[in-house]
1. Select, from D501, D508, D496, D528, the only residue that is modelled with pLDDT under 85 and not aromatic (F, W, Y).
2. For the range 98-212, list the helices (runs of 4 or more DSSP H) that sit wholly inside it and hold at least 2 residues that are touching an Asp or Glu at 6+ places or on another chain (Cβ under 6 Å); which are they?
3. Assess whether V412 counts as being out of contact with any His (no Cβ under 8 Å at 6 or more places or on another chain), over 28 Å from N445 (Cα atoms) and buried (at least 19 other Cβ atoms within 10 Å of the Cβ).
4. Take the residues in the range 65-105 that are under 27 Å from L356 (Cβ atoms) and of a type in the set (F, W, Y); name whichever of them is least open to solvent (accessible area, probe 1.4 Å).
5. Is one or more of the residues making up the range 387-407 on the phi > 0 side of the Ramachandran plot and not in a strand (DSSP E or B)?
6. Which pairs do you get when a residue that is farther than 27 Å from D405 by Cβ, found in the range 507-528, comes within reach of a residue that is in a loop (DSSP other than H, G, I, E, B) and at pLDDT 90 or above, reach meaning Cβ atoms under 7 angstrom, with the pair 6+ apart or on two chains?
7. For residues that are open to solvent by less than 30 Å² (accessible area, probe 1.4 Å) and of a type in the set (A, V, I, L, M, F, W, C), scanning just the range 422-440, find the one that is nearest to D400 (Cα to Cα).
8. Answer yes or no: is there a residue in the range 157-180 that is of a type outside the set (A, V, I, L, M, F, W, C) and touching a Cys at 6+ places or on another chain (Cβ under 8 Å).
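The values are calculated or read from the model by the stated rules, or taken from the named source; none is laboratory data. Quick caveat, the model's predicted, so the values are computed rather than measured. Virtual Cβ from ideal backbone geometry, glycine too; neighbours counted across all protein chains shown. To get the accessible areas, we keep the full protein, side chains included, count just its heavy atoms, and leave off ligands, DNA and RNA. Shrake-Rupley method; radii C 1.70, N 1.55, O 1.52, S 1.80 Å.
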Amino acid sequence: MAVCDRRSSLGRELALHGVLLALVMVRNCAAGLAYWPQLDDYIQHHNYASQFTFSQLQDTVGVLASRPLAGLADYFLWSPLFDRMIWGVVLMSLLYVAAIWMAEALIRRYFPLGPVFPVVMALLPLGVEGTYWMSASTRVVCGLFFACLAALAFGRWLDDGGWGRALAFLALMTVPFGFYEQSAVLAMTLVLGMAVLEGRRRWKRGLLALWAFPAAGLYFAVTGLLSNGGVYGNRAQLFLPNQAGYWTGFFPNITGQIWNVLGPGGWAVLSRGFLRGLELVCREGMFLWAVLAAALCLLYGWLAARQGGGEERPRTALALAVGALLAAAPLTVFLILANPWFSFRGAVTSFVGLALMADTLVSALWRRLPGKRVGPAALSALLALVFCVAGASEIRDYRDTWAADQQAARAVLDTLDRDLPEAEDRAGLRVGVLGLEPTFLPGQNFPWHEHVHGCTESGWAFTGLLVSLAGGDVLPSVTPLPTDPIYRPWNAPVNDPRGFDVLYYYRDGALSRVFLAEDGTGGLLVTDGQGRTLGAIREENGVGRFRAF
């Protein structure tokens, strides 16, 4: 009887998480059965493998100096799939749902869980960047998967002992470091927290959790040896609290970024994203998609209600405290990294803690209400539908950004082939393109850093796209010059429009050759060379802005 019960329970678990996986994929395919490459995708998943052997790549950019396992996977696993990257999305979605399942198993060792936990972890719209965008998910999701796997191995060691289990944990504990720093911190927090929560019962076995610290030292020692001063080596630079300017500049900056992502950003992609998602469904006739998403959400709620729930939670306060710790711990990495840059993808590793807190609060609030089993299940189904619709607007933005990137890049390549056909005339030239904006979306859910930004946002990203499309042709240096520069003053050497050999103006999907003339007041006029003035560039508060006429 016990064996039958376990099989029945496993079957319900498989069905529930199978529906969850289907929901993740339905959301990810809201713009069609394809993946839409963004930013680093062209460089990491195409150009590196097409231009270099792996040893050359290591010598050139030091790809093994930071997140080495992710770099190896980029070259040997994801690059061959570049033209069929929807299969990469499928694999990442599968790993992510598997990580959620493992996280549930870990937390259930100490606290009851309801159906809200997996929905929040899997479908919260804030996580689209970190779980869909392949350049991010191949770090974030893989790291999360191995962090949970390492913690599960530690749990097996706590339960059953044995040298084999101990060695498996020691080996697995080093793997998250190779994918993402936040995942390594999460793994450390999980195993150390498990050792503490076990209390005196298994304190001797719990001491093995301290291996997390030598594992971190081993990672930094190995990557330090592999660093050759390339681009990747700079990612490990630290800015510590004892350094000048940390508390007056660095700390307020990075904590403000974290708040903007988790607070206003998270709310915007949920609320505005849901409204935009509803508009998309109606405007573009996505009714079949909506029916499928709704049916899966209802099925999830039905399975969740059958599975159980409604348990009393005498440790609610402790569960909330543990959830807060699991949410906050992965964020601490950004408090010491020298590059204070917190993006939406940085929030995903905190979802284990956020989901635990959300599930605990729902259970606590429902404790005095009828339907302790059906109520949270119905709520989880409703949340899943809202999250899917909101996430669909994010996926559509990725598709539209890809289309805008492709249009701009092909316009540039066609123009270069027309104006500069000979390779010797192209190599070494500096080409500037006015009007290439970071994003061409009419209105996205929350503009933030490179969240749903096009390759047109920077020279390095646009060059990566051009190289991927050019098929090995020699290209000049091409720099996007937006109307409102984000990164530097307009008269810095890298993007002063007067410093380019050739200048173009991108408008309505096409390029036209333009020239500069002084306007007599310190500004510049942009002309077409035939007497027509197309716009002006003037300095405003130290930043150059292009205004079209």
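1. Of D501, D508, D496, D528, the one residue that is modelled with pLDDT under 85 and not aromatic (F, W, Y) is D496.
2. 116-123, 134-160
3. Yes: the conditions hold for V412.
4. Among residues in the range 65-105 that are under 27 Å from L356 (Cβ atoms) and of a type in the set (F, W, Y), the one least open to solvent (accessible area, probe 1.4 Å) is Y96.
5. no
6. Filtered contacts from the range 507-528: T527/V514.
7. Top of the filtered list is L436.
8. Within the range 157-180, one or more residues are of a type outside the set (A, V, I, L, M, F, W, C) and touching a Cys at 6+ places or on another chain (Cβ under 8 Å).
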